[in-house]
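Structure first, commentary second.
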Amino acid sequence: MNKAEFIDAVAAKTGLSKKDSKGAVDAVLETLTESLVKGDGVSFIGFGTFSSVARAARTATVPGTGKKVEVPATKVVKFKVGKALKDAVAK
């Protein structure tokens, strides 16, 4: 499902117009992004938790050549699935 299909599904479930649904989805994604950029986690009980974590610099090996390369430190987003979502997907 892409973003447009997701917006259509939200509009169908909520009875909102596609324009209002797009605004709501965009606002949720923007707020989530801003929180993660600041280093704050975002938790939805039963769904899961988004967090940003620092990944240390490291030396990696290129599989094809065996050459060693330095990978710089970076921040990445992690998602830990909630119990309700995990159970729903497992069924």
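Toward the positive end of the charge dipole of the chain, with +1 on the Cβ of Lys and Arg and -1 on the Cβ of Asp and Glu, the farthest Cα among 61, 35, 72 is that of 61. 3J(HN,Hα) along region 56-69, derived from phi through the Karplus expression 6.51 cos²θ - 1.76 cosθ + 1.60 where θ = phi - 60°, amounts to 5, 5, 7, 9, 10, 10, 6, x, x, 10, x, 5, 8, 10 Hz, with x in place of Gly and Pro.
On a per residue basis, the convex hull of the C-alpha atoms belonging to the chain measures out at 166 Å³.
From the cross-link list 38/67; 3/68; 13/80, which pairs have alpha carbons spaced over 32 Å apart? Could the numbers behind the result be given before it?
Values: 38/67 35 Å; 3/68 38 Å; 13/80 26 Å.
Where the Cα-Cα span goes over 32 Å, the pairs concerned are 38/67; 3/68.
Coordinate-derived values only; no laboratory data. Nothing here was measured: the structure is a model prediction, and the numbers come from that model. Note: ideal-geometry Cβ built from the backbone for every residue, glycine included; neighbour counts use all protein chains shown.
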